[in-house]
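The values are calculated or read from the model by the stated rules, or taken from the named source; none is laboratory data. Everything quoted here is computed from the prediction, not taken from an experiment. Glycine gets a Cβ as well: all are built from the backbone with ideal geometry, and neighbour counts include every protein chain shown.
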Amino acid sequence: MSAPVRPNLVERLRGAWRRLLTLDDSPHNIAMGVFIGTFVAYQPIVGIQMIVGALICRLIGANVVASLPLAWITNPVTIVPIYFATYKLGVVFTGGEMTYEDIKGIFDQIAALGFWGGLVEGYRFLAGIFWPMVVGGSLVGIANGVAFYVVVRRVVARFQAARPRRASAPGT
């Protein structure tokens with residue numbers, strides 16, 4: 001007996017694109033969902049990106065479903081280079097870049113302080129890198145989000161204009 005065949009990445013992306021095109025919403029709302037999903041993907045909030053994206057979409061009327069897959073831009077393979085790049089970009093605007101020695105010293109201090117002391121120092125460390133990552137992630141997220149918005153809105157509008165409309169049922 002052979003193992004079930006799993007779709008490859010190209011097939012998955014093609015399926016996701018097809019689902020995006022067939023969402024029952026305006027091209028603007030779908031493209032705004034993609035914009036929000038892209039923006040949130042670059043924020044240093046791993047684990048809650050999809051939730052934050054969905055909440056923002058609900059608040060502004062963007063398509064929630066269109067926002068969800070974009071949170072996967074940051075995944076175990078891409079998260080380190082993305083977060084490193086957003087941190088470096090953010091430091092240009094916020095200043096205070098931490099060196100390798102700074103980071104190593106903080107981790108040594110965290111290890112020496114025990115659980116509670118290490119927890120407090122760990123939060124200080126995260127605060128030192130969080131705001132540069134937010135600023136850098138916002139810049140990258142906005143730039144990529146605008147590019148995706150333009151492409152998705154245009155493609156969805158063309159797809160919807162070419163798609164035959166379903167005839168409404170009698171009496172509806």
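Here are the numbers for this structure:
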item: Matching entry among T38, T22 (being buried (at least 23 other Cβ atoms within 10 Å of the Cβ) and polar (S, T, N, Q)); result: T38
item: Subset of region 76-118 that is surrounded by fewer than 12 Cβ atoms within 10 Å (Cβ to Cβ) and among the aliphatic types (A, V, I, L, M) - its residue that is modelled with the lowest pLDDT; result: A111
item: All positions within region 150-164 that are in a helix (DSSP H, G or I) and either closer than 16 Å to D24 by Cα or in contact with a Ser or Thr (Cβ under 8 Å, 6 or more places away or on another chain) (or both); result: V152, R153, R154, V155, V156, A157, R158, F159, Q160, A161, A162
item: Failed condition for G47, given (1) under 18 Å from the mean Cα position of the chain (by Cα); (2) outside any helix (DSSP H, G or I); (3) closer than 14 Å to R153 by Cβ; (4) not acidic (D, E); result: (3)
item: Region 20-34 residues that are without any contact (Cβ under 8 Å) to a residue 24 or more places away in the chain, paired with ones that are of a type in the set (D, E, K, R) and surrounded by fewer than 24 Cβ atoms within 10 Å (Cβ to Cβ) (beta carbon under 6 Å, 6 or more apart); result: none
item: Selection status of A16, at pLDDT 95 or above, closer than 21 Å to R163 by Cα and part of a helix (DSSP H, G or I); result: no
